[in-house]
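Working notes, beginning with the structure itself.
The values are calculated or read from the model by the stated rules, or taken from the named source; none is laboratory data. Keep in mind the model is a prediction, meaning the values are calculated, not measured. Backbone-built Cβ (ideal geometry, glycine too); neighbour counts: all protein chains shown.
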Amino acid sequence: MIERPARLAILWLLLAAGPLPLSGPRAAEPAAPQEEDLTVDLRQMWAAFDRARGRIDDLDFGGAIRELSGIIESRKNRPPGGFGADELKLVTSAYDLRARASYNLGNARAAEDDFIALLGLNPAYDIDRQTLSPKVVDLFDRVRMRVAGVLMLQVDPPQARILVDGEPVDAQRPGGVALLAGDHELRIEMEGYDTRAARLSVSAGKEMRHSVRLVPNRRTLEFITITPATK
């Protein structure tokens, strides 16, 4: 049996040590999964693109194709809307450069396929016509004629916002707006005017002219009669 002074000493020691834990030590919380750093990935892909361009300058077309395929193949099945602006620029530029490399190796079919894929992502894309071989430029133009048409749009007022399939376009661009062959939704809007919408059917290799004049919104005017004050 523990004497009273001893019991008091033990109680004092327990109080000084603080409250006892109600359960065992807490398990460490799992670390949050690290998100993929898309910015780093994009920088690495641009570095690969620059290496490919250097290989083309050194006439190493096969090496350039290998570098560019690393950029393209993991993204080739993604729809145009699945890219951010910077990544879309990278991928279309990679298709362009790989097509040039393939053409220089005598593989015009592979170059044609890459131009088709490029224009599927951005039908308004244009290659460097100043420095490229006229034969490459001619192949690109022939491919565009097969897969895309041109919309020549005249809008009044010219400041109106123009969207094709939900994406803004520049109707003032010289040469019109390049669109893939097929049906497209056109929408023209401006504050203070009724919105116009239309469905367009674009034919490959054809030019379509379309004029739209927006109508100002009708506003209800409220007239108030003010009775002169009596003297």
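Would you confirm, using the coordinates I've provided, whether G106 is in contact (Cβ under 8 Å) with a residue 12 or more places away in the chain, part of a loop (DSSP other than H, G, I, E, B) and either at positive phi or among the acidic types (D, E) (or both)?
So G106 does not fit the description; no.
Filter the range 173-194 down to residues that are exposed (fewer than 13 other Cβ atoms within 10 Å of the Cβ) and either touching a residue at least 24 places away in the same chain (Cβ under 8 Å) or part of a loop (DSSP other than H, G, I, E, B) (or both), then give me how many there are.
6
Would it be correct to say that L153 is in the same structural domain as D194 (by TED's automatic domain parsing) and over 14 Å from the mean Cα position of the chain (by Cα)?
Answer is yes for this residue.
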